[in-house]
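Read-outs throughout are calculated quantities, based only on the coordinates presented, and are distinct from any laboratory measurement. Predicted, not measured: the structure shown is a model, and the values here were computed from it. Positions of Cβ are backbone-derived with ideal geometry, glycine not excepted, and every protein chain shown enters the neighbour counts.
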Amino acid sequence: MTDPVVPGSLAALQARYGERHRWLLLLSLMIGTMASVMSSTIVNVAIPDMSQHFALGQDRAHWVSSGFMAAMTVSMLTTPWLLARFGYRQTYLICMWLLLLGGIGGGFSNHFGLVLVARACEGLAAGVVQPIPAIIILRAFAQNEQGRASGIFGMGVVLAPAIGPSIGGVLVDWFGWRSIFFMVAPFCVVSMWLAYKFVPITAPGGVAADRGGAPLDWIGLLLATAGTLSLLNGLVHLHDGAPLLAGGLLVIATVSCAGFVWWERRIARAGNTTGGATRGAAPLMSFDLFGYRQFAMGTVVAFIYGTALFGSTYLLPVFMQRGLVLSPSYVGTILLPAGFILAGTIALVGRLADHQPAHRLVSIGLLLLASSFALMVTVNTTTSLFVLVSWAIIGRVGLGFILPSLNLGAMRGVDRALIPQGASVINFMRMLGGAIGVSLCGILLEWRLAAHGDSLTTLATSNARLDAFDEVFWVVAGICAVAIVAAWQLRERTVPEPPAAN
């Protein structure tokens, strides 16, 4: 007698929807991921207006972005545990509710501290959600379909930040900065409705969620949180004229990082000693993953790529508004064509990723991204908008080469049991780089502006201000160029065939 199929389980949904289910599941996750990506990037259009409303300096204003990034970075490490404990559907729904509440709360906030709390809630939700699609693609799709699935998924997701700044810029001009927080609400509602229909209640692998399983590794999570926050605050205080405080925070970050590595290795050894049957927590990060050369190099690329990508996501809107004196709605319109081209590039490269080496596609993307930043130094207040749009398009084409290829290239060959951990770790490294990148660009910009005798608190632009932006663009371009060296290590090494017998 066969066991009854549990309603809502992976087996039940596959039986009901057949081969279509994996694509419907991917669509459901796409909508929620669009909401999380939009919440991470669209607020950058409103930072100048928000800074004026709360009378913020650049060193505090950048926490609207970097605070979100810090929360998202740390929460990514909890995704494998949450999925194993609660299953896909409940984990996903909790995140969507938290993202929705963060958006509404941020929109109604009358104090900057409450805005940061709302951004932290959004970041926590986004961090848990973002590794899930990679887990689904690597588990539910055959290897010759994974690139296509990544391309389709990526095309949908990037449309949110492509369209978002344009709509957000108009909303900021018409209704003020608060309106951009509410943009995630309809995406969250639709994604929750789809989740009830297509997202299984089961955990990765199709097994039932184990609510009585290993507890969360709270010590590891606290160490990761302390290290991330200390690092980001230390970077900020390096430019605040408080070197002792900055040095102390950076020492705490280093000690926390070392403690995290030691603790994760310790509980992993304890689990191996007892055959994995220990009552203790499972490690947040499995260091067995770094035994795979391609995965190890992929994390290096992800970290450097995240630093450049998210740093520039913060830098470009500020450059256009405070350097070129363009309105928020104008900035969004300028970035719109590049966003649509990015979506099309991802769909095309996704198909190529099933047949072309990942290291080649990622290297091409990083080269184009570095070129885009380097070309931005040629832009000034007299430059035509066509040139500005063209340089932005080159960068977005570069992103289109990287996004579908990096995860697939890094995860090829990784044991299936380690896929949830691998997807979580590589996203963690990308977002850690992103959190550092946002802070780094903010600090570098303040430093170079002060060196040129200017400040963003002055509304009028100047050649000195443009020179400061140019110097930061050169730094970001150099970071992308360095990542190409690591990207080339993603190539698969071929094993020589034995000589034919005579």
- Over the chain, relative contact order from alpha-carbon pairs under 8 Å, at least 6 apart, %: 23 percent
- Only one of the values (1) 22.5, 83; (2) 25.2, 85; (3) 27.4, 99 was calculated from this structure for Rg and Dmax of the Cα atoms in Å; name its label. (1)
- Query: Where the only charges are on Cβ atoms (+1 Lys, Arg; -1 Asp, Glu), what is the dipole of the stretch 356-502 about its Cα centre, to the nearest 20 debye?
  - Reply: 420 debye
- Please work out whether the stretch 336-390 counts as rounded, prolate or oblate from its C-alpha gyration tensor, where a ≥ b ≥ c are the square roots of the eigenvalues and a/c under 1.5 means rounded, while otherwise a/b larger than b/c means prolate and anything else oblate? oblate
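For Cα pairs less than 8 Å apart in space and 6+ apart in sequence, what is the mean separation divided by the residue count of the stretch 208-260, i.e. the relative contact order in percent?
Across the stretch 208-260, relative contact order equals 41 percent.
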- Query: Packing-wise, with mean Cβ within 10 Å as the measure, how do 171-179, 305-313 rank, highest first?
  - Reply: 305-313, 171-179
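Please work out the Kirkwood hydrodynamic radius for the stretch 293-432, using every pair of different C-alpha atoms, and report it in angstroms with one decimal place.
On the way: mean 1/r = 0.0625 Å⁻¹.
Across the stretch 293-432, the inverse of the average 1/r is 16.0 Å.
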- How much length, in nm to one decimal, is gained on full extension between residue 17 and residue 242, taken as 0.36 nm per residue of separation minus their Cα-Cα distance? 75.0 nm
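Find out how many positive minus negative residues lie around residue 83, taking Lys and Arg as positive, Asp and Glu as negative, among other residues whose Cβ is under 14 Å from that of residue 83.
+3
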- To the nearest 0.05, how large is the calculated FRET efficiency for residue 173 and residue 416 if R₀ is 45 Å and r is the Cβ-Cβ distance? 0.35
- Query: Using all Cα-Cα distances in the stretch 221-272, what percent lands in each 10 angstrom bin from 0 up to the longest?
  - Reply: 29, 39, 20, 9, 2
- Toward the positive end of the charge dipole of the chain, about the Cα centre and with charges on Cβ (Lys, Arg +1; Asp, Glu -1), which of 411, 130, 112 goes farthest? 411
- Query: residue 385 to residue 27: extension gain in nm, 0.36 nm per residue of separation minus the Cα-Cα distance?
  - Reply: 125.4 nm
- In the chain, whole DSSP H helices that both stretch 24 Å or further along their axis by alpha carbon positions and average at least -1.0 on the Kyte-Doolittle scale are 21-41, 79-108, 112-129, 143-175, 218-238, 243-273, 293-318, 328-352, 358-375, 385-411, 419-451, 463-487
